[in-house]
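Chemist: Below you will find the structure I want to go over with you.
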Amino acid sequence: MQGLPLNATIHAEQFAMVIALQAGEGIISFAATAAPCGHCRQFLNELREGGDVRVLSLMVDKFDKTKFDSLLSDLLLHSFGPLDLDQAVEVPLLLEPRNNFIRLHSLELVTVYSGHRKNTDRSWKMTASAVNRPLDKALEEANAAYAPYSGSPAGLALCTSAAKIFTGRSIESAAYNPSMSPLHTALAAHVQSCAGLQCDLWSNISGVVMVEIHQAQVQYAGTVETMLYSLAPDAELIIVYGTTAGCVDGAF
């Protein structure tokens, strides 16, 4: 993503995981042009049976093409995953249904950014009726977010000038750094919608509504605002805060 640091990159295997998540699918195998990097191997290890994921890859040099068929456990020796951080076995892992029991504060408790500037009067250009649908979507994503390590789930709805909405949620990793912000996962969905089409991906982003926990240990507002300003500087960002009962359930 132009103008952003390298650590804002969405890796191919992360992209595939997000698309599977949004389609309600699991992952048992995937194919790539090369073996996944260490970052992606760690990210895939958030799955309950991550070590059993089959990895098909092709290594090409000037002399030969070599096909590899491996399990993730063969590529991630002495792995470190969710259960190594005392994650209770019964708590849902990545790609498993969950409910974070978030409810919204009053809409009086919001932060609004327009063009990289915080609106001190907390006013926004989007009408209340226009905000309602993306806000509902963002809350739904926040309640399904995977944040077992920080307890700071967040969800986001990205609105385009064509009146489309793409949603995303925070996804954490036991290794912390491979974690994805809700904007990252929404952008993956946006890119997927343009597959095979001529799309100007970022210029049609008109606004973003995000739900996160007020004064949580991890806050995404700053990261999302910086990324959004680089990609779509005229887009409006509305952050609505919620509270949680502090429990997670494996079923909606």
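No value in this document is a laboratory result; all are computed from the given coordinates. Keep in mind that what you see is a predicted model, and the values were worked out from it rather than measured. Cβ sites come from the backbone with ideal geometry, for glycine too, and all protein chains shown count toward neighbours.
Chemist: Based only on other Cβ atoms within 10 Å, what is the fewest-to-most ordering of GLU236, GLU141?
Modeler: Working: GLU236 21, GLU141 24.
Fewest to most other Cβ atoms nearby, the residues stand as GLU236, GLU141.
Chemist: Note down the nm distance, to one decimal, between modelled labels 7 Å out along Cα→Cβ at THR223 and at THR243.
Modeler: About 2.6 nm separates the two model spin labels.
Chemist: Under a Cβ-Cβ cut-off of 14 Å, what is the net charge of the residues other than CYS194 that fall near it, where Lys and Arg count +1 and Asp and Glu count -1?
Modeler: Values: positive: LYS164; negative: ASP200.
Residues near CYS194 contribute 0 overall.
Chemist: Grab the other residues whose beta carbon is less than 14 angstrom from that of ARG54, score K and R as +1, D and E as -1, and report the net.
Modeler: Details: positive: ARG41, LYS67; negative: GLU13, GLU49, ASP52, ASP69, ASP74.
Value of the local net charge: -3.
Chemist: If R0 is 41 Å, what FRET efficiency do you get for HIS105 and PHE68 from their C-beta distance, rounded to 0.05? Let's see the in-between values first.
Modeler: Details: r = 50 Å, r/R0 = 1.23.
After rounding to 0.05, the efficiency reads 0.25.
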